[in-house]
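For reference, the structure discussed in these notes is given below.
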Amino acid sequence: MLTEDAWLTMPPQPYEYQGPAAIGRFLHDRARLRGDPLRLVATRANGQPAFGCYLPDPQAAIAHAYGLLVLTLTGDRISAITWFFDSGLFPNFGLPRTLHE
């Protein structure tokens, strides 16, 4: 689904990953460190597809706002992923701060 020159960035963090292999390794490593898969809720940001990401709470039947992924498409493929780790953005996109299981 990624273009060969796709980028993953996380402003304002200086981390950047380019290419499907590097992006895939980063996402896999992050998932392994979290332990639980993120729950995603579709939204839009500046006309682009986006997802509110929620991290399940191991102590309760809820998931907490974790970050916002914004996709940039080139044709039918993803050419950029911008990951914002600011859960304070969620109300701007009509996303709740928690999801109930």
Of all residues in region 60-77, count the ones that are in contact (Cβ under 8 Å) with a residue 60 or more places away in the chain and of a type in the set (Ser, Thr, Tyr). 1
Conditions (1) in contact (Cβ under 8 Å) with a residue 12 or more places away in the chain; (2) in contact with a His (Cβ under 9 Å, 6 or more places away or on another chain): number failed by ASP57: (1)
Meets criteria (within 11 Å of the chain's Cα centre (by Cα) and surrounded by 14 or more Cβ atoms within 10 Å (Cβ to Cβ)) for PHE51: yes
Criterion violated by ALA80 - all others in (1) closer than 20 Å to THR98 by Cα; (2) touching a residue at least 12 places away in the same chain (Cβ under 8 Å) satisfied: (1)
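Would you mind finding the one in ILE23, ILE81 that is touching a helix residue (DSSP H, G or I) at 6+ places or on another chain (Cβ under 9 Å), closer than 17 Å to MET1 by Cβ and of a type in the set (A, V, I, L, M, F, W, C)? Talk me through it step by step, then tell me what you get.
On the way: ILE23 fails: touching a helix residue (DSSP H, G or I) at 6+ places or on another chain (Cβ under 9 Å).
Selected residue: ILE81, the only one of ILE23, ILE81 that is touching a helix residue (DSSP H, G or I) at 6+ places or on another chain (Cβ under 9 Å), closer than 17 Å to MET1 by Cβ and of a type in the set (A, V, I, L, M, F, W, C).
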Note: among ALA22, ALA60, ALA31, ALA80, just one is more than 11 Å from the chain's Cα centre (by Cα), assigned to a loop (DSSP other than H, G, I, E, B) and hydrophobic (A, V, I, L, M, F, W, C), namely ALA60
Within region 83-101, residues being part of a strand (DSSP E or B) and touching a residue at least 60 places away in the same chain (Cβ under 8 Å) number 3
Name, by its number, the condition in (1) in contact (Cβ under 8 Å) with a residue 40 or more places away in the chain; (2) in a loop (DSSP other than H, G, I, E, B) that does not hold for ASP36. (1)
Taking region 36-55 and keeping residues in contact with a helix residue (DSSP H, G or I) (Cβ under 7 Å, 6 or more places away or on another chain) and among the β-branched types (Val, Ile, Thr) leaves THR43
Within region 23-34, how many residues turn out to be surrounded by fewer than 15 Cβ atoms within 10 Å (Cβ to Cβ) and more than 16 Å from GLY67 (Cα to Cα)? 5
In region 4-17, the residues that are loosely packed, with under 15 Cβ neighbours inside 10 Å and either in contact (Cβ under 8 Å) with a residue 24 or more places away in the chain or within 16 Å of ILE78 (Cα to Cα) (or both): GLU4, ASP5, PRO11, GLN13, GLU16
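Computed from the coordinates by the stated procedures, all read-outs in this text should not be read as laboratory data. Model, not experiment: these values are computed from the prediction. Glycine also receives a Cβ, built like all others from the backbone with ideal geometry; neighbour counts cover every protein chain displayed.
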